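This report refers to the structure that appears directly beneath it.
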Amino acid sequence: MQLARWAYDLAESLLADSLPRRWAHSQRVYSQALTLAPALGEDAELLAAAAIAHDIGYSQAAVDTGQHMIDGARYLRDVVGADPRLCSIVAFHTSSSWEASELGLDDALSEFGPAESELVDAITYCDLTSDPVGDLVDPAERLSEVLERYGPEHVVFRAVSAARPELMARVGRVRRRAEAVMAKLS
């Protein structure tokens, strides 16, 4: 868990004091990633690291484009020299592709591609099962909360609205994969 510990310390240093709600959310996303470890095998630690660091792009130290997924990935790549796979998972998490398109940042996002679909599915599941203050939540409720919080004129609202069917499909794929692995283990 060396990579995950390193990412945990980094995320804590960027979020805990200045963005405590974001930090609480990130800690829950991390704990959700740990529950998926049996289904991820050798990629479990990579997902845990991405989960705790997924929102560092909200930190003042990381803001660049204003799209937190890209900003977090760039910070990881350019400032701390993180593994390219870790940067990619952070860059592509949840509704990033739709938001980048809305903002004209497709080229910036492509710096981190191609996305690894199983890991993007997994981090999306972890993100959507964690509410803004770190409590477990149903993914459909989480998406509704995001839409309500941002409102129809905001880029996040438009991106999440467009992405919603695919985001729910990602959640379904992760649940099925985790259930299949647990069934084999029992």
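The values are calculated or read from the model by the stated rules, or taken from the named source; none is laboratory data. Not measured: the values here are computed from a predicted model. Here Cβ is always computed from backbone atoms with ideal geometry, including for glycine, and neighbour counts include all displayed protein chains. Please note that ligands, DNA and RNA were not included when accessible areas were found on the heavy atoms of the full protein model with its side chains. Shrake-Rupley method; radii C 1.70, N 1.55, O 1.52, S 1.80 Å.
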Can we say Glu99 is at negative phi, part of a helix (DSSP H, G or I), open to solvent by 70 Å² or more (accessible area, probe 1.4 Å) and not aromatic (Phe, Trp, Tyr)?
-> no
Region 161-186 residues that are over 23 Å from Glu145 (Cβ atoms) and charged (D, E, K, R), paired with ones that are part of a helix (DSSP H, G or I) and open to solvent by less than 90 Å² (accessible area, probe 1.4 Å) (beta carbon under 7 Å, 6 or more apart) = Arg177/Ala39
Confirm whether Ala73 is within 22 Å of Trp6 (Cβ to Cβ), in a helix (DSSP H, G or I), touching a Ser or Thr at 6+ places or on another chain (Cβ under 9 Å) and modelled with pLDDT of 95 or more.
-> yes
Exactly one of (1) part of a helix (DSSP H, G or I); (2) open to solvent by 50 Å² or more (accessible area, probe 1.4 Å); (3) more than 19 Å from Pro139 (Cα to Cα); (4) in contact (Cβ under 8 Å) with a residue 40 or more places away in the chain is unmet by Arg28. Its number?
-> (3)
Given (1) open to solvent by less than 70 Å² (accessible area, probe 1.4 Å); (2) free of Cβ contacts under 8 Å to residues at least 60 places away in the same chain; (3) closer than 22 Å to Leu10 by Cα; (4) of a type outside the set (S, T, N, Q), index of the condition Val79 fails = (1)
Considering region 130-158, residues that are free of Cβ contacts under 8 Å to residues at least 12 places away in the same chain and in contact with a helix residue (DSSP H, G or I) (Cβ under 8 Å, 6 or more places away or on another chain), and then whichever is least open to solvent (accessible area, probe 1.4 Å), we arrive at Gly151
Which of the residues belonging to region 51-72 are over 20 Å from Pro20 (Cβ atoms) and touching an Asp or Glu at 6+ places or on another chain (Cβ under 8 Å)?
-> Asp64, Thr65, Gln67, Met69, Ile70
Identify the residue in region 34-55 that is under 10 Å from the mean Cα position of the chain (by Cα) and in a helix (DSSP H, G or I) and, among all such residues, is surrounded by the most Cβ atoms within 10 Å (Cβ to Cβ).
-> Ala50
When you scan region 56-76, how many residues do you find that are under 11 Å from the mean Cα position of the chain (by Cα) and either open to solvent by 10 Å² or more (accessible area, probe 1.4 Å) or of a type in the set (Asp, Glu) (or both)?
-> 1
Which members of region 1-13 meet the condition of being surrounded by 15 or more Cβ atoms within 10 Å (Cβ to Cβ) and over 16 Å from the mean Cα position of the chain (by Cα)?
-> Leu3, Trp6
Can you tell me which of Asp121, Asp106, Asp127 is of a type in the set (Asp, Glu), more than 16 Å from the chain's Cα centre (by Cα) and either surrounded by 18 or more Cβ atoms within 10 Å (Cβ to Cβ) or more than 25 Å from Arg21 (Cβ to Cβ) (or both)?
-> Asp106
